[in-house]
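What follows is a short report on a single structure.
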Amino acid sequence: MNKLEQQTHLWLRRSLGAYARSRTAMAHIPADIEPQTLSRWVEAHGLEGLFYQTQDAGGGLADILPRWRHKAMTELLANLRALKATVQLFELLDQAGIEAVAMRGVVLANRDYASPEERSMRDVDILLQPDARPAVLRHLELAGHRPSERLRSQEVYSIDGVVLELHWSLLTSKRYRNCIDEVNWLRQRSPLQTPDGRLYALPVEYELIGLILHAFIHHELGILKQLLDIALLMDDEKLDWPWIAAWCRENHLSRMFTLSLHLVNELFFLEAKAFCRHFPVPASGARRVQAWIDPFFSRVGVRNYLQVKGNMLHAAETPERLFRQAIGFFSASELRDMRRRYFRSA
């Protein structure tokens, strides 16, 4: 990687960190940024909607901006359709007296990002009580909706072309599933008013916990837009960090959250300090988080792979989790992921 590419990557990281802190439009791209490196990176991580609005056609971007504009408009239309379908779903559930709460993309796009097109999403995630499953299926069928896919812990519906995943548990991983009391989480929900109608969302503390658990357990902190989601919520001055830390200790998740929070803080140069009093970085923390940062910028290889796997073991604070995590390293999906993420350039 040459100096200009390094400079471009540093600018990208700092710009995303500034956005997370201010929730305002992205900074104007300076003239000394390498356009093709910028384009490849932004498009690889689905961040066109964040960047296109404040840019002009100068500085070598004339061929790039139309693509970003098209992608941003596509995301905006998709998110508007998703919002409408989600509001309709909550109307049906409310009529049936069934509690549910939206999570992740649909909430973040309409509450935490400056504009909906800035947060791309493939589907809508809804959490419901496990014992509500028969009633939910019955009421949705009466409304003319049948699941397109039925999985162990979720039902997948397609409503007006929008994929909605109805989750009966927050986590599918057996080694962490008992951390979440879905009934109690649903009790914490509050209405979120949107231009299309009402959703229900979790308090920011719960949403942040859910984001970190999902990003770490299901994706090993390997999806950049999920880390940006975490950064947006980390910067909330009203966060109850003592409560989050106590919850992590009770559920033996302190190491996982320490690694995740320090990774996001370092990746985006957030310089956040409030969480550090409750999640101090370990002596080996810099080496651990760098192994996650490098693959985002094409610095891949065996050393990073082994360090990330070591991080996953380090985060497993109970013998059962440690055993299950170690066994998971030998699965076919793990071998495919290893090749995709660490031994091919981004």
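Couple of notes before you dig in:
- Each label was represented as a point 7 Å from its Cα along the Cα-to-Cβ direction; for Asp337 and Asp131 these points are 3.3 nm apart.
- For Leu151, distant residues with modelled amide H under 5 Å away: Val156
- Cα-based Rg of the stretch 114-194 normalised by 2.2 N^0.38 Å, two decimals: 1.21
- When nucleic acids and ligands are ignored and a 1.4 Å probe is applied, Lys174 ends up with an accessible area of around 120 Å².
- Using the Cβ of Arg177 as centre and a radius below 14 Å, the other residues enclosed give a net charge of +2, where K and R count +1 and D and E count -1.
- Computed about its Cα centre, the charge dipole of the stretch 66-207 is approximately 380 debye, with only Lys, Arg, Asp and Glu carrying charge at their Cβ.
- Residue-count net charge about Gly105 - beta-carbon cut-off 15 Å; Lys, Arg +1, Asp, Glu -1: -2
- Sites Asn2 and Leu306 - FRET efficiency at Förster radius 45 Å, r taken between beta-carbons, to 0.05: 0.95
- Taking the DSSP beta bridges with both ends in the chain, the antiparallel portion is around 75 percent.
- Stretching Cys276 away from Ser22 to a fully extended chain increases their span by 89.4 nm, per 0.36 nm per residue minus the current alpha-carbon distance.
- Ordered by solvent-accessible area of protein heavy atoms (1.4 Å probe), largest first, the residues Glu237, Glu34 come out as Glu237, Glu34.
- Sorted largest first, extent of the stretch 225-345 alpha carbons per principal axis (Å): 42, 34, 25
- Across the protein chains, with a 1.4 Å probe defining accessible surface, the residues Arg122, Arg14 rank Arg122, Arg14 from largest area downward.
- Modelled spin-label separation between Ala143 and Ala96, with each label point placed 7 Å from Cα along the Cα-to-Cβ direction: 0.8 nm.
- Protein heavy-atom accessible surface, 1.4 Å probe, per residue over the stretch 80-157: 44 Å².
- Solvent-accessible surface ranking, highest first, for Glu99, Glu320 at 1.4 angstrom: Glu320, Glu99
- Net charge of neighbours whose Cβ lies under 10 Å from the Cβ of Trp292, counting Lys and Arg as +1 and Asp and Glu as -1: -2
The values are calculated or read from the model by the stated rules, or taken from the named source; none is laboratory data. As the structure is a prediction and not an experimental result, all values here were calculated from the model. Note that we place each Cβ from the backbone using ideal geometry, even for glycine, and neighbour counts take in every protein chain shown. Keep in mind that these areas ignore ligands, DNA and RNA; they rest on the heavy atoms of the full protein, side chains included. Shrake-Rupley method; radii C 1.70, N 1.55, O 1.52, S 1.80 Å.
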